[in-house]
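A.B. asks: Got a structure for you, questions after.
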Amino acid sequence: MGPHPAVAAIRLAVRRVLHDVLNEFAERTDHNGHIAHTERASRPEFAEAGTGRCGAVLADRPALPERPDTPLVLVACSGGADSMALASALAFEARKLAVRAGGITVDHNLQDGSDVRAAEVVDRLRGMRLDPVEAVAVHVGSEGGPEAAARDARYAALDAAAERHGAAAVLLGHTRDDQAETVLLGLARGSGIRSLSGMAAASGPAGRYRRPFLQLDRQTARKACLVQSLPVWDDPHNIDPAYTRSRLRHEGLPALEKALGKGVVGALARTAQLSRDDADALDTWAAEADSAVRDDAGQLECAKLYALPPAVRRRVLRRAAVEAGAPAGSLFARHIEEVDRLITGWRGQQAINLPGRVEARRQGGRLVIRQS
């Protein structure tokens, strides 16, 4: 008799990602079977324990990979149902493939006893025979709000851990429900099609972060933990109405399903994938159009910009602003719309001030975007 359907589903999702990682790893391996290490991974200081970015304190002294010919895949595990299900599937599937499996848990230091919980997660991951396993403590700032600040600290810690251990990939437990929430948050911000595309199945440097569960719902992961008797920790922040995502999860989505019927989560997840395909195509078009709308000196020509479709033109303008020094995370749709009006609604207006002390100004039929 095979495993429970929920367990089979999570294992299949992880197996597919591991096969992708193995194929990509093989492509980067030379003819002698030796992986070409990055400069950062080969530097000796990364073989020592210490403090990483965001004040990350390592629970154990990490070692460089013992078998560099075999890729290491880490699971980011909070102890919640999604990530515990992910860790169990990784532990099971890695034993059948040429993959080493480890785990990282991040202690955000936002709740009393968080260090104790992190130690418990480490013990559970080691009980699954994952290696290496470590807890990383971070300091969460305040920039961008509590949710964004915690996310930034977490990813910085995961990036540092992946570099220390030379990991080929880091698995994240985001589910289809998380994807639906992300799409709705993007819709509420009015951030455009890229925001509606939600989370990518692979993201980060060289596709480091993988999300095997984006096609699985949250209940499947929780059921997999239940039938395997895996203990899980429910973060109280996930039900705290002070957090936007928590309100959306417990009030917004249920209200939508009550009004529109079941299937809203799946429909939003499909919207994310369709939006991502469209956004990728438009980004490619904009990258190709960028050189065609510049003069011999590299200046943007307003007449040529005007001839572009609005969606492509605004992407060209955003690219130019970021290249001039505007922080991508602080550059919103309203900023680009104001710059766009220098092209489509020119009435002699003054320069537009953008984040990062960047300004956009129309001069002699050219659009000049530079730091002031």
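A.B. asks: Ignoring any ligand, DNA or RNA, what whole percent of the accessible area of the chain comes from carbon and sulfur when the probe is 1.4 angstrom?
C.D. replies: Accessible surface attributable to carbon and sulfur in the chain totals 52 percent.
A.B. asks: Run the simple label-point estimate for residue 353 and residue 260 please: 7 Å along Cα→C-beta, distance reported in nm.
C.D. replies: Once both label points are built, they end up 3.9 nm from each other.
A.B. asks: With a 1.4 Å probe and all protein chains left in place, how much accessible area per residue does the chain have, in Å²?
C.D. replies: Per residue, the chain has an accessible area of 51 Å².
A.B. asks: Let me ask something else. Work out how much length residue 193 to residue 370 would gain on full extension: take 0.36 nm times their residue separation and subtract the Cα-Cα distance, in nm to one decimal.
C.D. replies: My answer for the length gained is 61.1 nm.
A.B. asks: Next up: Can you classify the chain as rounded, prolate or oblate using the Cα gyration tensor, where a ≥ b ≥ c are the square roots of its eigenvalues, rounded means a/c under 1.5, and otherwise it's prolate if a/b beats b/c and oblate if not?
C.D. replies: Prolate.
A.B. asks: Keeping every protein chain in place, order 199, 1, 84 by accessible area at 1.4 Å, biggest value first, i.e. largest first.
C.D. replies: 1, 199, 84
A.B. asks: What size of dipole, in debye to the nearest 20, comes out for the range 255-325 about its Cα centre when the only charges are +1 on Lys and Arg C-beta atoms and -1 on Asp and Glu C-beta atoms?
C.D. replies: 460
A.B. asks: Helix 146-165 versus the longest principal axis of the chain: what is the Cα-based angle in degrees, 0 to 90, to the nearest 10?
C.D. replies: Relative to the chain, helix 146-165 is tipped by roughly 60 degrees.
A.B. asks: So for 213, 332, what's the accessible-area order with a 1.4 Å probe, most first?
C.D. replies: 332, 213
A.B. asks: Go ahead and estimate [θ] at 222 nm for the chain from helices alone: -39,500 (n - 2.57) per DSSP H run with n ≥ 4, summed, over the residue count, rounded to 500.
C.D. replies: -15000 deg cm²/dmol
A.B. asks: Here's a follow-up. Which order do 114, 191, 229 take when ranked by solvent-accessible area (1.4 Å probe, heavy atoms of all protein chains), largest first?
C.D. replies: Order by accessible area, largest first: 229, 191, 114.
A.B. asks: Label points 7 Å out from Cα along the Cβ direction at residue 4 and residue 346: separation in nm?
C.D. replies: Spacing of the two 7 Å Cα→Cβ label points: 6.6 nm.
A.B. asks: So, one more: What angle, in degrees between 0 and 90 and rounded to the nearest 10, separates the Cα long axis of helix 264-292 from the longest principal axis of the Cα atoms of the chain?
C.D. replies: 50
A.B. asks: Indicate the gyration tensor shape class of the range 67-112 (rounded, prolate or oblate), computed on the Cα atoms with a ≥ b ≥ c the square roots of the eigenvalues: a/c under 1.5 is rounded; otherwise a/b larger than b/c is prolate and the rest oblate.
C.D. replies: oblate
The values are calculated or read from the model by the stated rules, or taken from the named source; none is laboratory data. Remember, predicted model here, so these are calculated numbers, not experimental data. Virtual Cβ from ideal backbone geometry, glycine too; neighbours counted across all protein chains shown. These accessible areas exclude ligands, DNA and RNA; they are computed on the full protein's heavy atoms, side chains included. Shrake-Rupley method; radii C 1.70, N 1.55, O 1.52, S 1.80 Å.
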